[in-house]
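Structure first, commentary second.
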Amino acid sequence: MTTELRFLVASVVLGLVQLIASSHLISWQRGYRWTASTREGDVPPVRGVANRVDQATTNFLETFPLFAAVVFVARVTGHHSLLTILCAHFYIWGRLGYLLAAAGFSFVRSVLCWNIAIIGILLFIVALLWEYSTNYA
C-alpha cells in the first residue's frame, strides 16, 4: 500500500471521528430525545464547540472527495513520488489541524489549516499533470 493510500485511510478515520464527535456534541446540546425524534420542527442553532466541530465536519466532507479522487488517480496511473507523499501529508495534517483548531482558534483554522489542506490537493493535481506532461509529451 502506498503512503498516499495510507493517508487516504487515515482521512477516512479522521472523517468518522469528526462525524461521531459532531453528532454527540449536537445531541448533548439538544438532547438525545431530540436525536431520536423525527427532527421535524424548528430548533435553535447549535452553539459553541458543537457548532464549530459540525462546521469542520461539513468542510471535511466538501474536501475529502477531491483528495480521494487525486489519490485514486495517482494509484491507477501508477504515479507515486515525493511530491504526492508531501501533498498527502499536507492534506491530512491540515485537516487534523482544522479540527483541533475548532476549539476556538478561528484564524488558524480558517486561514492556515484550511489552506494547507487545499494546497495539498492542488499540488497533488500539479504532480499528476507534471507526470502526464513529461511521460506523454
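Throughout, read-outs are computed from the coordinates displayed, never taken from laboratory work. Since we're looking at a predicted model, the values are computed, not measured. Note that we place each Cβ from the backbone using ideal geometry, even for glycine, and neighbour counts take in every protein chain shown.
Are there any pairs, at least 6 apart or on different chains, whose C-beta atoms fall under 9 Å, with the first in segment 43-70 and in contact (Cβ under 8 Å) with a residue 12 or more places away in the chain and the second in a helix (DSSP H, G or I) and among the acidic types (Asp, Glu), and if so, which? Short answer, once both residue conditions are applied: VAL46/ASP54; VAL70/GLU4. Within segment 99-126, the set of residues being free of Cβ contacts under 8 Å to residues at least 12 places away in the same chain and either touching a Phe, Trp or Tyr at 6+ places or on another chain (Cβ under 8 Å) or under 19 Å from SER81 (Cβ atoms) (or both) comprises just one member, LEU122. Yes or no: TRP114 in contact with a helix residue (DSSP H, G or I) (Cβ under 9 Å, 6 or more places away or on another chain), exposed (fewer than 15 other Cβ atoms within 10 Å of the Cβ) and part of a helix (DSSP H, G or I)? For TRP114, the condition - in contact with a helix residue (DSSP H, G or I) (Cβ under 9 Å, 6 or more places away or on another chain), exposed (fewer than 15 other Cβ atoms within 10 Å of the Cβ) and part of a helix (DSSP H, G or I) - is not met. Where helices (runs of 4 or more DSSP H) sit wholly within segment 3-109, those with at least 2 residues that are in contact with a Leu (Cβ under 9 Å, 6 or more places away or on another chain) and surrounded by fewer than 20 Cβ atoms within 10 Å (Cβ to Cβ) occupy 3-30, 48-77, 82-100.
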